[in-house]
Structures are given as C-alpha cells and as structure tokens.
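See structure below.
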Amino acid sequence: MRRGQVTIFATLGLVLLIIVGFALFLLREMPESEDSYMDYDEITLFVRGCADSLLDEGLEEVSLRGGYLYTPEPYASRGGFEVPFLETITPASTIEESIASYVEEKMEECFELSDFPGFNINSFSDFQVQTILGEDSLTATASFFYEDEGKEFSVSKNTDLEELRLVAEKIINLHHSEEGIKQGQLNYLQAQYNVYIGFDEITSIYYVERGDSVFGFAV
C-alpha cells in the first residue's frame with residue numbers, strides 16, 4: 001500500500017472517530033424525556049389524553065376570566081364570559097390553581113364522553129393536578145390511583161399567558177394612576193411586548209393578545 005493511501009485511510013479513520021465521539025457526547029448530554037409516551041401504560045395514556053384536552057379548555061377559560069375559574073364580583077359580561085374588575089393583577093398562583101381545578105373537576109365528565117373499553121371509572125380515585133405557569137409554557141403534573149395502583153404523568157402547553165399577565169398589570173397600574181391611561185401608552189405597550197391590546201368601552205373589558213394566547217380583565 002502506498003504512503004499516500006495510508007495517509008488517506010488514517011485521516012478518514014480519525015474523522016470517523018471524531019464523529020462517533022461527538023455523537024456519543026450528545027447522547028450522554030441529552031436529558032431524558034420526563035414525559036415520554038413509552039413510559040405510560042394504556043390507563044395512564046387514556047387519563048393523560050383527557051387531561052391534555054381539559055388543559056387547553058381550562059387555559060382558555062381561565063385566561064378570559066382574568067385568571068379565575070369562578071369570577072369574583074364585581075365583573076362585566078361579554079361573549080358569555082364573566083370578566084372581573086381588577087384593582088391589582090391576578091397572582092400567577094391563582095391562575096395555576098384555577099386551571100388545575102378545572103382539569104380536576106371536568107375529568108370524570110371527559111371519561112363519560114370518551115370511549116375506552118375496559119376502563120372502570122369506579123377504580124379511578126385521588127386525582128390531583130398541579131400546574132406551573134412559566135414564561136412561555138404551562139406545565140401540569142397529575143397523579144391518581146387506578147385499582148389501588150399509583151400513577152402519574154405530565155402535560156405541557158405553549159402559552160404566552162404569563163407575559164400577557166404582566167402587560168395587563170401595567171395597564172391596570174396606568175389606569176388607576178392619577179393621570180389615567182392614554183392611547184399612546186397602550187400603543188407603546190403593544191410595540192414593546194409585541195401584543196395586541198383591545199378595549200371594549202361599553203363593558204370596560206381589556207383583552208391582551210399574542211398568537212393564540214389571550215388575557216381578559218375589566219377596569
């Protein structure tokens with residue numbers, strides 16, 4: 001074998017070694033998924049499917065109600081929703097608890113509307129949900145018992161609700177200031193946070209929107 005050929009094979013071997021080493025490094029550093037479908041049995045997947053749908057519903061309903069599942073008084077009404085008048089912004093913890101309560105309260109109704117042969121609702125118990133509202137997501141972690149066996153899962157949704165909530169807080173503070181809120185300030189907030197701010201003068205309801213995310217409140 002000529003010296004040139006040896007050099008070529010050695011170079012190719014070195015390149016291959018680097019590629020394999022880099023691939024092994026990526027596999028070692030890649031975090032394991034905490035929510036892999038492969039980790040769930042059929043019962044857990046069924047319950048998770050219901051929770052996934054209910055999380056969408058709860059997120060929308062609570063967002064349109066100023067962060068509440070059950071709207072506190074006083075409130076304004078628009079489009080079938082009771083929207084609270086807010087003196088201060090709704091805490092993130094209240095929003096998290098409201099969405100979790102929605103999923104918990106609607107779960108058995110979802111079971112009744114779903115078709116899963118062999119699922120015994122009487123064997124289902126102790127269903128609990130906790131949600132965490134992040135900067136750009138909402139994550140729900142749930143646990144339950146089925147036939148005395150403990151199970152758990154998590155579901156995540158992309159949402160800008162937390163940032164919309166912070167924009168709403170600025171609007172509320174401006175509205176209650178001595179100078180009051182001006183259109184120029186709303187225009188500035190829209191440009192700064194890349195949101196749309198709508199206001200209904202009849203009901204005094206604001207809607208702060210970005211993409212599919214929306215936060216409604218009255219002032």
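Before we move on, is LYS151 more than 27 Å from GLU73 (Cβ to Cβ), surrounded by fewer than 20 Cβ atoms within 10 Å (Cβ to Cβ) and more than 12 Å from the chain's Cα centre (by Cα)?
So LYS151 passes the test.
Given the residues VAL195, VAL214, which is the only one that is over 19 Å from ILE99 (Cβ atoms) and surrounded by 18 or more Cβ atoms within 10 Å (Cβ to Cβ)?
The unique qualifying residue is VAL195.
Restricting the search to segment 42-64, which residues are polar (S, T, N, Q) and either surrounded by fewer than 20 Cβ atoms within 10 Å (Cβ to Cβ) or out of contact with any helix residue (DSSP H, G or I) (no Cβ under 8 Å at 6 or more places or on another chain) (or both)?
Hits for segment 42-64 are THR44, SER53.
How many of the residues making up segment 84-134 are modelled with pLDDT under 95 and in contact with a Gly (Cβ under 7 Å, 6 or more places away or on another chain)?
Matching residues across segment 84-134 total 0.
Report, by residue number, each residue of segment 135-172 that is modelled with pLDDT under 95 and either not assigned by TED's automatic domain parsing to the domain that holds GLY49 or not in a strand (DSSP E or B) (or both).
If the condition is that a residue be modelled with pLDDT under 95 and either not assigned by TED's automatic domain parsing to the domain that holds GLY49 or not in a strand (DSSP E or B) (or both), then GLU135, ASP136, GLU147, ASP148 are the ones that fit.
Quick one: in segment 69-96, which of the residues that are closer than 14 Å to GLU162 by Cα and of a type outside the set (A, V, I, L, M, F, W, C) is surrounded by the most Cβ atoms within 10 Å (Cβ to Cβ)?
The qualifying residue surrounded by the most Cβ atoms within 10 Å (Cβ to Cβ) is THR90.
Looking at THR139, is it without any contact (Cβ under 8 Å) to a residue 40 or more places away in the chain and either within 19 Å of the chain's Cα centre (by Cα) or surrounded by 12 or more Cβ atoms within 10 Å (Cβ to Cβ) (or both)?
Criteria met by THR139.
Scan segment 43-78 residue by residue and report those that are within 13 Å of the chain's Cα centre (by Cα) and either among the hydroxyl-bearing types (Ser, Thr, Tyr) or over 19 Å from THR94 (Cβ atoms) (or both).
Across segment 43-78, the qualifying residues are ALA51, ASP52, SER53, ASP56, SER63.
Mind checking which residues of segment 193-219 are over 21 Å from the mean Cα position of the chain (by Cα), over 17 Å from ILE89 (Cβ atoms) and of a type in the set (S, T, N, Q)?
Selection gives THR203 alone.
Within segment 68-122, which residues are assigned to a helix (DSSP H, G or I), closer than 30 Å to SER177 by Cα and either touching a Phe, Trp or Tyr at 6+ places or on another chain (Cβ under 6 Å) or not assigned by TED's automatic domain parsing to the domain that holds PHE145 (or both)?
The one that is assigned to a helix (DSSP H, G or I), closer than 30 Å to SER177 by Cα and either touching a Phe, Trp or Tyr at 6+ places or on another chain (Cβ under 6 Å) or not assigned by TED's automatic domain parsing to the domain that holds PHE145 (or both): SER98.
Taking segment 101-113 only, how many residues are closer than 11 Å to TYR68 by Cα and surrounded by 18 or more Cβ atoms within 10 Å (Cβ to Cβ)?
1
Counting just the residues of segment 151-170 that are of a type outside the set (Lys, Arg) and out of contact with any strand residue (DSSP E or B) (no Cβ under 7 Å at 6 or more places or on another chain), which one comes out nearest to VAL47 (Cα to Cα)?
Step by step, filter segment 151-170, then rank; the result is GLU163.
The values are calculated or read from the model by the stated rules, or taken from the named source; none is laboratory data. Computed from a prediction, not measured in an experiment: that's the story for all the values here. For neighbour counting, all protein chains shown are included, and Cβ atoms are generated from backbone atoms with ideal geometry for every residue, glycine included.
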